[in-house]
Amino acid sequence: NISSSIRLFADDCVLYKKIVHTADTCTLQNDLNSIASWCNRWQMRINIDKTKYMTVTTKKSSISCNYSINGVPLEKVNKYKYLGVFISDTLSWHDHINYIVGKASRSLGFIRRNLYLAPPETRLLAFKSFVRSQLEYASIIWSPHQDYLIAQIEKIQNKAARFIYSDYSPYTSVSALKQRANLPLLDARRKVSRLVFIHNIYYFDINLKERLLPPPHRIFPRHDHPHKICLSNCRTNQFRNSPLQLAITEWNSLPHHVVNITDKNEFKSTCERLFHFSQE
C-alpha cells in the first residue's frame, strides 16, 4: 500500500512524492517504512549506504524533513546519479553536462594516445562509438538551451575533428573538418532526437499522447500545421526550456509535409535533411 509514486529498474528503486504540506512528509516516511517491512518479510536487504534522499525545488524555502529506513537516518544530497544521469535538487543539468564532458574528454584522450597511427576512418569510427555516444546518452532529458553549455559539449567534437585529420592548424576551419567527416552539430542531433521522440509518442503511443500531447484549443490554418500540440502555460524559463516543452515547441514549428510523415525512419531522415545533415 504505497501512496507515493515508485519506479523500478533492475535492482534500483526510486520513490517520490509532491510535498505540499507537512503531512506529505509523514506519508512519504510511512511509504519508506512499508517498503522496509516488505523487504524484511521477504529477506531482502536495502543498501542504506547507497540510499539517499533529495528535495527537488527552485523555492528558497521548502518543507524539510529527515527520512530514515529501519531507524537509520538517510543522507540528504543535492545531486544524485540515477541510471547514468546526474539529477540535481534544482533540476539544473550543469553537473551532468560537466560530468559527461569530462568523461568524453578522457575517452578522446585515450583514443588519441592509442590510435595516433590509425587512418582517419578508424579514428572517426572510434569517436562515434566511444566518445559521441557518451555525449548523447539520454540527451532528450538533459539537452541544454544555454549557448555556453551547447558550446562546451561541441568543443569535444571540435577537438575530435582535428584529431581525426591530424590538422591542428589555426588556419583550418574546424567547421570544414566536421563537414568533411560528416559530423553534424551535436545540438542539431539532439534536436532531431527530441523530434523523433515526440513523433513516436504522437503516432504510436495513444496513452502517452493523451497524457503528454494534448491538442491546442485553436489551430490557425495559415500558421499552424494540423498536428500542432498544446504548450503548457510556462511561468519560468526553466519550465519553458524543459525537455517536453522544448520538444513540443520544435514540433509545432515543423513544416506541414514533415509532421504528416508517419514512418519513423522517413521522418528521421527528413528531419536530418531539414537541418542540413550530411549522410553519415
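The values are calculated or read from the model by the stated rules, or taken from the named source; none is laboratory data. Keep in mind that this is a model prediction, so the values were computed, not measured. No Cβ is skipped: glycine too gets one built from the backbone with ideal geometry, and neighbour counts run over all protein chains shown.
Taking Gln179, is it in the same structural domain as Glu121 (by TED's automatic domain parsing), in a helix (DSSP H, G or I) and either touching a residue at least 60 places away in the same chain (Cβ under 8 Å) or of a type in the set (Val, Ile, Thr) (or both)? The answer is yes for Gln179. Asp187 - would you say it is acidic (Asp, Glu), part of a helix (DSSP H, G or I) and modelled with pLDDT of 95 or more? Against the criterion (acidic (Asp, Glu), part of a helix (DSSP H, G or I) and modelled with pLDDT of 95 or more), Asp187 qualifies.
Within region 59-83, can you find the residues that are within 30 Å of Ile100 (Cβ to Cβ) and hydroxyl-bearing (Ser, Thr, Tyr)? Result: Ser62, Tyr67, Tyr80, Tyr82.
If the condition is being aliphatic (A, V, I, L, M) and either farther than 16 Å from Tyr202 by Cα or outside any helix (DSSP H, G or I) (or both), then region 230-255 contributes Leu231, Leu254. I'm trying to understand the selection: among the residues of region 232-255, which are small (Gly, Ala, Ser) and either outside the structural domain of Pro215 (by TED's automatic domain parsing) or surrounded by 14 or more Cβ atoms within 10 Å (Cβ to Cβ) (or both)? Ser242, Ala247, listed by residue number.
Taken as a whole, region 71-88 holds at least one residue that is touching a His at 6+ places or on another chain (Cβ under 7 Å) and not aliphatic (A, V, I, L, M). In region 111-133, the residue that is farthest from Asp167 (Cα to Cα) out of those that are of a type in the set (A, V, I, L, M) and free of Cβ contacts under 8 Å to residues at least 12 places away in the same chain is Leu125.
Against the criterion of being surrounded by 12 or more Cβ atoms within 10 Å (Cβ to Cβ) and outside any loop (DSSP other than H, G, I, E, B), Lys159 qualifies.
Please verify whether region 138-147 includes one or more residues that are assigned by TED's automatic domain parsing to the domain that holds Thr27, among the polar types (S, T, N, Q) and surrounded by 14 or more Cβ atoms within 10 Å (Cβ to Cβ). No, every residue in region 138-147 fails to be assigned by TED's automatic domain parsing to the domain that holds Thr27, among the polar types (S, T, N, Q) and surrounded by 14 or more Cβ atoms within 10 Å (Cβ to Cβ). If only residues of region 256-280 that are part of a loop (DSSP other than H, G, I, E, B) and modelled with pLDDT of 95 or more are counted, the one that is surrounded by the most Cβ atoms within 10 Å (Cβ to Cβ) is Ile261. So is Arg218 in a helix (DSSP H, G or I) and either touching a His at 6+ places or on another chain (Cβ under 7 Å) or not β-branched (Val, Ile, Thr) (or both) or not? Here the answer is no, as Arg218 does not meet what is asked.
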